Amino acid sequence: MKLSQKDIYELIEKFIDMKNYKSRKDVLGVFFYGSSLYGKNTDSSDIDMHIIVKSKNDVRGNMVFGGVHMEYFERPYKKIIEQMKYEKSTNQTVILSMLGYGKIVYEKHGALTKLQNKVKKYYTGYEPKPLISKQKALYDFYKIYLNINRLEKLSENGDSVFDFMYFMFLNNIKKVYEKYKGLSTDISQYKLKRFYLNNADQNNTFKTIPDEEFISLFLACVEQQTPQAKVTAIRKLFDHCTRDFDFDFASENILLERK
């Protein structure tokens, strides 16, 4: 049964009391974030919380409370600042979506309001940028091209390892394309389809995603189909991702060296 917003906030308050966060001297406050905050929760959704602490302990917890899965982090204030700097260099927006636009459900002396304003200011004007050069992308795509050729042979031979290799190469294409195009790299496989198809989720969590044609081709790759059809689908996706390169993968070679 999907919880109402009223039920969710009541459960959060009970959870905070159970964990003694209001009486703990090291706790600065509690953020609530995620799909349940935006009303996008289902009957299987969890409730996500970030507890900001002054201590050095970094805790990640999971528990069923009131019949609902609760996922919570107790994160030192200093670790938040460190992670923000790291995220800017890796095209991630986790802290921005969790804390910058999360809901403060409890705080001491305005500590979380100050932190939230600091997070928003830090990401102001932020735009993801390419994480690899065009030459590096070409190098990585060429390795994938060679593996797709191997994949085709596996499909012809009916090799049982085909599916494992297929989805590994599919994920490799996605990763290289994201890094080359300067897209978000922190979307979990579990939530990938939802983010690709739901504009509200993208806006709520400040993700940058691939173009519509990539999404259409990528989703076609994960449909149930024959191995031969999968190879055709992954080649179409590969061709789309490498359309900006003036390089004939079938007739030209790149020296690949293991270091």
Review point. Which lysines does residue 6 reach when only Cα atoms under 16 Å apart count, and residues fewer than 8 places away in its own chain are ignored?
Key: 14, 40, 103
Check your understanding: Quick one: accessible area per residue over the chain, 1.4 Å probe, rounded to a whole number of Å²?
Key -> 56 Å²
Revision key, fill the gap. Straight-line reach check, residue 175, cutoff 17 Å on alpha carbons, 8 or more apart in-chain or any other chain, hits among aspartates and glutamates -> 87, 140, 186, 211, 212, 213, 239, 244
Point to revise | Positive minus negative residues near residue 202 (Lys, Arg vs Asp, Glu; Cβ under 12 Å) | key: +3
**Study point:** Relative contact order (%) - segment 156-259, alpha-carbon pairs under 8 angstrom, separation at least six
**Key:** 25 percent
Review point. Hey, rough spin-label estimate for residue 161 and residue 7, points 7 angstrom out along Cα→Cβ, what's it come to in nanometres?
Key: 4.8 nm
**Study point:** Vicinal HN-Hα couplings computed from phi for segment 240-248 (Karplus, 6.51 cos²θ - 1.76 cosθ + 1.60; Hz; Gly/Pro x)
**Key:** 5, 5, 10, 5, 7, 8, 8, 8, 8
Check your understanding: Which of 225, 202, 116 moves most in a GNM of the chain, Cα contacts under 10 Å?
Key -> 225
Review point. For segment 11-20, in order, what is each residue's ³J(HN,Hα) by Karplus, 6.51 cos²θ - 1.76 cosθ + 1.60 with θ = phi - 60°, in whole Hz (x at glycine and Pro)?
Key: 5, 4, 4, 5, 5, 4, 5, 4, 8, 6
Point to revise | Out-of-range pairs (alpha-carbon distance over 19 Å; input 2/22; 79/121; 134/181; 120/181; 79/193) | key: 2/22; 120/181; 79/193
Exercise for review: Note down the nm distance, to one decimal, between modelled labels 7 Å out along Cα→Cβ at residue 193 and at residue 69.
Suggested key: 1.6 nm
Practice item. Could you work out how far apart the two model spin labels at residue 120 and residue 57 are, taking each label as a point 7 Å from the Cα in the direction of the beta carbon, and quote it in nm? Key: 3.2 nm
Practice item. Return one number: the angle in degrees, 0 to 90 and rounded to the nearest 10, between the long axis of the Cα atoms of helix 134-157 and the longest principal axis of the Cα atoms of the chain. Key: 70 degrees
Review point. When only C-alpha pairs under 8 Å and at least 6 residues apart count, what is the relative contact order of the chain, in percent?
Key: 16 percent
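The values are calculated or read from the model by the stated rules, or taken from the named source; none is laboratory data. Everything quoted here is computed from the prediction, not taken from an experiment. With ideal geometry, Cβ positions are generated from the backbone for all residues, glycine too; neighbour counts draw on all protein chains shown. Areas reflect the complete protein model, heavy atoms only, side chains present, ligands, DNA and RNA absent. Shrake-Rupley method; radii C 1.70, N 1.55, O 1.52, S 1.80 Å.
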